[in-house]
1. Work out the charge dipole of the range 1-122 with +1 on the Cβ of Lys and Arg and -1 on the Cβ of Asp and Glu about the Cα centre, then indicate which of GLN43, GLN16, ILE75 is farthest towards its positive end.
2. With charges set only on the Cβ (+1 for Lys and Arg, -1 for Asp and Glu), what does the dipole of the chain come to about its Cα centre, in debye to the nearest 20?
3. Put +1 on the Cβ of every Lys and Arg and -1 on every Asp and Glu Cβ in the chain; which of ALA53, VAL190, ALA164 then has its Cα farthest towards the positive end of the dipole?
4. Hey, any idea what the orientation-averaged projected area of the convex hull of the range 139-253's Cα atoms comes to, in nm²?
5. Provide the net charge surrounding ASN353, with neighbours chosen by a C-beta distance below 12 Å and charges set as Lys +1, Arg +1, Asp -1, Glu -1.
6. Quick check: Cα centre of the range 297-360 to Cα centre of the range 217-262, how many Å?
7. Diagonalise the Cα gyration tensor of the range 220-357 and give the resulting equivalent ellipsoid semi-axes, square root of 5 times each eigenvalue, largest first, whole Å.
8. So which residue, out of ALA120, ALA62, ALA53, gets the largest mean-square fluctuation from a GNM of the chain using Cα contacts under 10 Å as springs?
Amino acid sequence: MKKIAILGSTGSIGTQTLEIVRTNKDIEVTALAAGRNIDLLEQQIREFTPKLAAVWSEELAAELKTRVRDLQVEILSGMDGLLAVAAEKESEILVTAIVGMIGILPTIEAIRAGKDIALANKETLVTAGHIIMPLAEQYHVSILPVDSEHSAIFQSLQGGQEKALHKILLTASGGPFRGKKREELENIRVEDALKHPNWAMGRKITIDSSTMVNKGLEVIEAKWLFGVTVDQIQVVVQPQSIIHSMVEYEDGAVIAQLGTPDMKLPIQYALYYPERRYLPGDRLDFGTLAQITFEKPDMETFYGLKLAIEAGRTGGSLPTVFNAANEKAVALFLDRKIRYLQIPEIIQACMENHRNIEDPDVEEILKTEQETYEFIKNRW
């Protein structure tokens with residue numbers, strides 16, 4: 001019986017992880033953590049009977065505790081709750097499916113507790129990859145990517161030829177505004193940006209996909225996951241989302257992972273690695289697949305991607321500024337307080353304002369995040 005804990009159990013990745021648990025009868029959920037959706041969390045507790053559950057708000061935790069008082073489950077709150085879920089003694093794998101830099105400390109806690117990490121929280125590596133990857137090596141734990149693109153790269157490297165890796169070809173759908181120019185994006189509404197052509201995702205990541213900032217975050221994440229430089233990563237627009245990413249080796253051979261746009265595949269692969277299991281769902285039909293096309297990304301219109309590459313190449317605390325500025329700008333856009341095109345404008349202004357710290361520790365990373373938020377608050 002494989003035992004797992006999940007941070008972000010009520011979100012898109014968390015709920016799909018629990019779908020896999022339902023389908024496979026040999027996974028036990030030992031701990032769950034969610035943000036504010038205690039209605040769904042209560043349902044999950046009753047179905048999967050974890051020993052521990054956590055929500056961010058102390059008040060909501062008290063309410064949830066009352067609701068599930070008939071069950072043998074401990075209810076915690078805040079960062080202490082996340083850390084307890086991350087290090088829950090019986091779990092073997094922690095699925096980090098929460099959004100944002102809030103995932104850094106629980107991921108560190110889980111690694112120190114000897115847990116493998118099924119990583120869906122890209123911000124952890126974007127901002128603290130220089131801390132997380134050496135720590136995982138020190139504690140002999142695996143970082144197993146859950147993002148479809150990083151899972152595709154991971155799968156394409158399974159021949160054991162990592163030393164012969166020449167380049168990573170990171171694919172992107174191009175989002176809902178592929179092919180548009182900046183002037184065409186002037187009056188984009190929240191509803192427009194939330195209509196992704198291929199993937200069903202949470203609100204924040206869907207906006208990130210539309211600006212191509214998400215692909216920039218994935219570039220930085222791939223740098224740390226696979227031990228390459230930013231200049232060894234090439235973003236390729238593949239609108240059909242059939243090729244999830246590719247690896248080019250030194251001899252020119254390119255290995256790709258193909259499949260339908262279904263996040264359950266990379267989630268299940270991470271949970272059972274190196275085993276492959278049957279996964280219900282659609283399959284690629286090459287008899288009816290008309291074409292697979294490729295384009296170069298438009299980094300002038302979607303210059304958030306260019307800013308991410310700059311941040312990843314510079315390193316230090318600059319990726320934290322990039323990430324934090326984007327998080328706050330997207331929140332402001334979703335609240336209809338700024339225009340769509342102000343998202344990359346805010347990111348650029350924050351990066352230009354920042355004095356880079358070459359090798360920040362966790363305290364400096366979190367301080368940089370707060371300073372970035374404060375800078376935005378004072379200007380927008």
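The values are calculated or read from the model by the stated rules, or taken from the named source; none is laboratory data. As the structure is a prediction and not an experimental result, all values here were calculated from the model. Virtual Cβ from ideal backbone geometry, glycine too; neighbours counted across all protein chains shown. What goes into the accessible areas is simple: the full protein's heavy atoms, side chains included, and nothing from ligands, DNA or RNA. Shrake-Rupley method; radii C 1.70, N 1.55, O 1.52, S 1.80 Å.
1. Going by the charge dipole, the pick is GLN16.
2. Values: 41 positive and 54 negative charges, 138 e Å.
That gives the chain a dipole magnitude of about 660 debye.
3. Comparing the listed Cα positions along the dipole, VAL190 ranks first.
4. On the way: hull surface 34.1 nm².
The orientation-averaged projected area of the Cα hull of the range 139-253 comes to 8.5 nm².
5. -1
6. The two parts, judged by their Cα centres, are 22 Å apart.
7. 32, 20, 17
8. ALA62
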